[in-house]
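Visitor: Quick one: the structure is below, questions incoming.
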Ligand SMILES: Nc1ncnc2c1ncn2[C@@H]1O[C@H](COP(=O)(O)OP(=O)(O)O)[C@@H](O)[C@H]1O
Ligand SMILES: [Mg+2]
């Protein structure tokens, strides 16, 4: 049985302009100690997929479909039930650590609260474990710095604190939503390496969410590419890089800055994603696709599984692409 099993997840938001259909028929599985990367441009539905899984959608949002964690249905379950699952089963780290941490509480109190509440540890034990976790994410002088407030840390250190908090309850699955987007490039690599290391040590599964396909190489097993709320391609990471099967994936690969070539100008896919309120029939990528044929304008391609060179993968495209 998969650790996490998502089936036909749809997320819709009621707005004064109409219904925004942000996530469309998302299905995937995450197995024990596997890393799944979810990649797509801003607005493609990455965060809302994660929020739906965590039961954290905004009040105007609603989710349908199924989200099973270790065989238990999570979707539309009561908050106290979800809180228990969230604390010990699934944890999440966000792009903006400062927004996720409580600005008025010392790190020590924020961390020990979780352990005292969920595991009934004494204050002393909880403090010792919290310091150990800050050490594990390599915060220097953790014993003293645990007394500080969030704003007294640098951006990279705040992100380490948030990762430490997420890992305190030893979750089986960590959802990392753009964990390094707000950070300097050098700090980004440090945090990614740290995440990879603690994930391996704790034998945790991870969903790594990013708009940057360049980040997923080396840090994930499988990549799922989202466009306008739907999966357009899914494949093992090396396969996706070697032989992308969807025009959008090809565009994303071309937009990774290539430092190894003379021409390191950043390529951007022309055009913009479709308006989710006014979606036409046909493929959501059709207006930006250089391969589009007539059929693409009228018929949204289904996500089809296929095997190529002994690798199972899937894509949603009407056109044969030889990449
Ligand atoms: N509360 C909300 N009400 C209406 N639309 C929303 C709401 N939250 C998110 N959306 C829309 O859902 C879409 C997907 O957003 P999101 O999942 O946050 O994208 P990203 O891939 O950048 O994480 C976007 O078009 C966004 O504007
Ligand atoms: Mg997001």
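Visitor: So in region 280-316, with the set limited to residues that are touching a residue at least 40 places away in the same chain (Cβ under 8 Å) and touching a strand residue (DSSP E or B) at 6+ places or on another chain (Cβ under 7 Å), which one is surrounded by the most Cβ atoms within 10 Å (Cβ to Cβ)?
Guide: Filtering first and then ranking leaves 285.
Visitor: What are the residue pairs meeting all of these: first residue in region 35-46, first residue touching a residue at least 24 places away in the same chain (Cβ under 8 Å), second residue within 10 Å of ligand 2 (Cβ to nearest atom) and assigned to a helix (DSSP H, G or I), Cβ atoms under 6 Å, and 6 or more apart or on different chains?
Guide: 38/46; 40/46
Visitor: Just to be sure before I move on: is residue 223 free of Cβ contacts under 8 Å to residues at least 40 places away in the same chain and either surrounded by 16 or more Cβ atoms within 10 Å (Cβ to Cβ) or touching a helix residue (DSSP H, G or I) at 6+ places or on another chain (Cβ under 8 Å) (or both) in the structure I sent?
Guide: no
Visitor: Looking only at residues that are over 21 Å from residue 229 (Cα atoms) and in a strand (DSSP E or B) in region 277-320, which one is modelled with the lowest pLDDT?
Guide: 308
Visitor: So which of 254, 275 is within 16 Å of ligand 1 (Cβ to nearest atom), farther than 18 Å from residue 50 by Cβ and loosely packed, with under 15 Cβ neighbours inside 10 Å? Lay out the reasoning, then the answer.
Guide: Details: 254 fails: within 16 Å of ligand 1 (Cβ to nearest atom).
The conditions single out 275.
Visitor: Now for a different question. Given (1) crowded, with 20+ Cβ neighbours inside 10 Å; (2) within 16 Å of ligand 2 (Cβ to nearest atom); (3) over 16 Å from the mean Cα position of the chain (by Cα), identify the lone condition not met by residue 45.
Guide: Condition not satisfied by residue 45: (3).
Visitor: Looking at 225, 198, 187, 215, which is the one that is within 16 Å of ligand 2 (Cβ to nearest atom) and part of a helix (DSSP H, G or I)?
Guide: Going through 225, 198, 187, 215 in turn, just one is within 16 Å of ligand 2 (Cβ to nearest atom) and part of a helix (DSSP H, G or I): 215.
Visitor: In addition: Would you point out which residue out of 22, 91, 32, 63 is touching a helix residue (DSSP H, G or I) at 6+ places or on another chain (Cβ under 6 Å) and away from ligand 1 (no atom under 16 Å from the Cβ)?
Guide: After applying the criteria, what remains is 91.
Visitor: Taking region 10-25, which residues are in contact (Cβ under 8 Å) with a residue 24 or more places away in the chain and either away from ligand 2 (no atom under 16 Å from the Cβ) or within 18 Å of residue 221 (Cβ to Cβ) (or both)?
Guide: 10, 12, 14, 15, 17, 18, 19, 21, 24, 25
Visitor: Additional query: From (1) surrounded by 17 or more Cβ atoms within 10 Å (Cβ to Cβ); (2) at pLDDT 95 or above; (3) within 16 Å of ligand 1 (Cβ to nearest atom); (4) farther than 22 Å from residue 285 by Cβ, pick out the condition that doesn't hold for residue 54.
Guide: It is condition (2) that residue 54 fails.
Visitor: Are any of the residues in region 159-179 in a loop (DSSP other than H, G, I, E, B), within 16 Å of ligand 2 (Cβ to nearest atom) and buried (at least 22 other Cβ atoms within 10 Å of the Cβ)? So that I can check it myself, show each step before the final result.
Guide: To start, the set of residues in region 159-179 that are in a loop (DSSP other than H, G, I, E, B) comprises 168-172, 178-179.
From what is left, the residues that are within 16 Å of ligand 2 (Cβ to nearest atom) are 178-179.
In the following step, the residues that additionally are buried (at least 22 other Cβ atoms within 10 Å of the Cβ) were identified as 179.
Yes, that holds for at least one residue.
Visitor: Another one. Those residues that are in a loop (DSSP other than H, G, I, E, B), in contact with a strand residue (DSSP E or B) (Cβ under 9 Å, 6 or more places away or on another chain) and surrounded by 18 or more Cβ atoms within 10 Å (Cβ to Cβ), I need them from region 76-128; list them, please.
Guide: The answer is 89, 94, 95.
The values are calculated or read from the model by the stated rules, or taken from the named source; none is laboratory data. Bear in mind that the values here come from a model prediction, so they are computed numbers and not experimental data. Counting neighbours? That spans all protein chains shown, and the Cβs are built from the backbone with ideal geometry, glycine included.
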